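To start, the structure itself, in structure tokens.
The values are calculated or read from the model by the stated rules, or taken from the named source; none is laboratory data. Everything numeric here is computed off the predicted structure, so don't read it as measured data. Glycine gets a Cβ as well: all are built from the backbone with ideal geometry, and neighbour counts include every protein chain shown.
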Amino acid sequence: MHFLTTIMSEYGYLVLFLSITLGILALPIPMEAVLAYAGFLSFLEQLNWFGSILSSALGCTLGMLLSYWVGYKLGMQFFEKHGKRLHIESERLAAISNWIRKYGNKLLIISLFIPVFRHFIGYFSGITRVPIRVYILYTGIGSTLWVSSFIFLGKILGPQWEIYFEAIKRYVIIASIVLFFLLGILYVIKKLRNVVMEAGTK
């Protein structure tokens, strides 16, 4: 992280773009901390707030598109064959694929707030052939919301961003997971209601 913060002061927007792109592709980069530090630099007026959001959102979207392309090209058979080497068991593969088919667009927006899951959502979207236009639209929205949240956090906290960052990050992740499950519950309720209504018309 120290290396990234050092070069960010020199090549701010490029470092943001590349670090978020590579982080989405599962390289060990502390992306939320990078975003929050960019917010701190905007607090110091060393970076432009809008420029930071734009470059990091574009980097995130590019990373998601690259992972989608890999998933699309490799397909389900590759992950079924080599999943164990990538720590993706067949049960987890099937479960994530089913979640994407069921919850689709909403999942693409929320997934970026959930560590680990965001690294796989792009691959599985490609595997399950989510329409590319839909994928770009909702990934772009999710990317912008995600990077804006942490850049705004760093800008608001200013010099104290490191002190409160981890605690706030934890709450953001918990809130995202809760929202994720609430959407799942609402989806199940909607499906059950439709089943009941169909049964009533017979």
inquiry  = I need a count of the residues in segment 97-109 that are at pLDDT 80 or above and of a type outside the set (A, V, I, L, M).
reply    = 0
task = Among the candidates Leu112, Leu182, Leu137, single out the residue that is crowded, with 17+ Cβ neighbours inside 10 Å and either at pLDDT 65 or above or of a type in the set (Lys, Arg) (or both).
result = Leu112
message = Return the residues of segment 115-134 that are surrounded by 22 or more Cβ atoms within 10 Å (Cβ to Cβ) and either within 12 Å of Cys60 (Cβ to Cβ) or among the aliphatic types (A, V, I, L, M) (or both); say none if nothing qualifies.
response = Arg118, Ile121, Gly122, Ile127, Val130
remark   = Reported set for segment 38-48 where residues are surrounded by fewer than 23 Cβ atoms within 10 Å (Cβ to Cβ) and either of a type in the set (S, T, N, Q) or outside any helix (DSSP H, G or I) (or both) is Ser42, Leu44, Glu45, Gln46, Asn48
task = Among what's in segment 1-43 and is polar (S, T, N, Q) and under 21 Å from the mean Cα position of the chain (by Cα), pick the residue that is modelled with the highest pLDDT.
result = Thr21
